[in-house]
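The values are calculated or read from the model by the stated rules, or taken from the named source; none is laboratory data. Since the structure is predicted, the reported quantities are computational estimates derived from the model, not experimental observations. Cβ: placed from backbone, ideal geometry, glycine included. Neighbour counts: every protein chain shown. These accessible areas exclude ligands, DNA and RNA; they are computed on the full protein's heavy atoms, side chains included. Shrake-Rupley method; radii C 1.70, N 1.55, O 1.52, S 1.80 Å.
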Amino acid sequence: MTGNRNRPRIVICPDPLAASREVAQIIAAAIEAKPDIVLGLATGGTPVAAYRELVRMHREQGLDFSELTSFNLDEYIGIGPEHPQSFRYFMQQHLFDHVNVTPSQTHVPDGRGTDVEANARRYEDEIRAAGGIDLQLLGIGTNGHIAFNEPGSPASSRTRAIELTTETIQANSRFFDSIDQVPKHAITMGIGTILESKRILLMATGEGKADTIERAIHGDADPSHPASLLQRHDEVTYVLDEAAAKRIAV
Ligand code: GLP
């Protein structure tokens, strides 16, 4: 399947720290322009320093988070919000506990209970009721996954439970004591959910992401590489460091 190919805006920074500062600047500018913005947030190693920079901007420059609403991309199934590797815990630890967000306005998909599909439908309803996502931050997996949309996820997919690939379990095992502790399932926004965001900001750093970034930008828009489906969106910004950008033509 190939779709319309839009040209993304590509910002190449000298190193991961500069890329993190760029991402934080873009998010801060968006919050300042619209204090009640609906932000889509991501987890993973990549955005940690960008969140640290946003915390600094809150402390030193008074960046105000009180009116915004946030929706995270995904969450593991099988570990609760109090688990240190859950994405809710990650968000509290890296951002929410250090800024003046309104706790009830922060949302992370709920992988608990017996009816995760009902949780997923409710999440979609909550995003819609908030007016949709204004700015969605994304990372990218080495296999091209965005959120937990593994290869094969259709462009029309919505928030749902999915089974993680061996490659993703392996990649995320660095955060757990052993690979057996990594959950095998997750709840994730779909590609269709993500494509409805008004703006998308994808951050990637390091040589290990260079091949997947090349395929996302220059490859066919195809579910076998979920990030390539972002070519269908006309407001995508990539913030990369030089290592992640080394195979792309700009
Ligand atoms: C995780 C997350 C993604 C993230 C990706 C890359 O599994 N579900 O949202 O973008 O993998 O993570 P990292 O930034 O640690 O490379």
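Data for the structure
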| read-out | value |
| --- | --- |
| ³J(HN,Hα) computed for each position of region 206-221 - Karplus, 6.51 cos²θ - 1.76 cosθ + 1.60, integer Hz, glycine/proline x | x, 4, x, 9, 4, 5, 5, 5, 4, 5, 4, 8, 9, x, 5, 6 |
| Cβ-derived FRET efficiency at R0 22 Å, LYS34 paired with GLU82, nearest 0.05 | 0.10 |
| Per residue, in Å², the accessible surface of region 1-127 once ligands and nucleic acids are set aside, probe 1.4 Å | 48 Å² |
| ³J(HN,Hα), Karplus 6.51/-1.76/1.60, whole Hz, each residue of region 17-26, x for Gly, Pro | 5, 5, 5, 5, 5, 4, 4, 4, 4, 5 |
| Fully extended contour minus Cα-Cα distance, from ALA249 to ARG9, at 0.36 nm per residue | 85.2 nm |
| Helical mean residue ellipticity (222 nm; -39500 (n - 2.57) per DSSP H run of 4+; nearest 500) of the chain | -9000 deg cm²/dmol |
| Sum of side-chain charges, PRO151 neighbourhood, beta-carbon under 10 Å (Lys, Arg +1; Asp, Glu -1) | -3 |
| Cβ-based net charge around SER224, under 13 Å, with every Lys or Arg adding one and every Asp or Glu removing one | -2 |
| Phi to ³J(HN,Hα) by Karplus 6.51 cos²θ - 1.76 cosθ + 1.60 over region 55-71, Hz, x for Gly, Pro | 4, 4, 5, 5, 5, 8, 10, x, 4, 9, 9, 5, 9, 6, 10, 10, 10 |
| Peptide ranges 27-34, 70-77 listed from the most packed, as the mean C-beta count within 10 angstrom indicates | 70-77, 27-34 |
| Cα centroid separation, region 23-73 to region 133-198 (Å) | 21 Å |
| Potential extension, SER178-THR166 segment - 0.36 nm per residue separation minus Cα distance | 2.9 nm |
| Relative packing of 138-146, 107-115, which averages over residues the other C-beta atoms within 10 Å, highest first | 138-146, 107-115 |
| Global form of the chain, assessed from the alpha-carbon gyration tensor, a/c cut-off 1.5 | rounded |
| Carbon and sulfur %, accessible surface of the chain computed with the full protein complex present, 1.4 Å | 47 percent |
| Amide proton proximity set for LEU201, modelled H, under 5 Å, gap of 5+ | GLN136, LEU137, LEU138, THR237 |
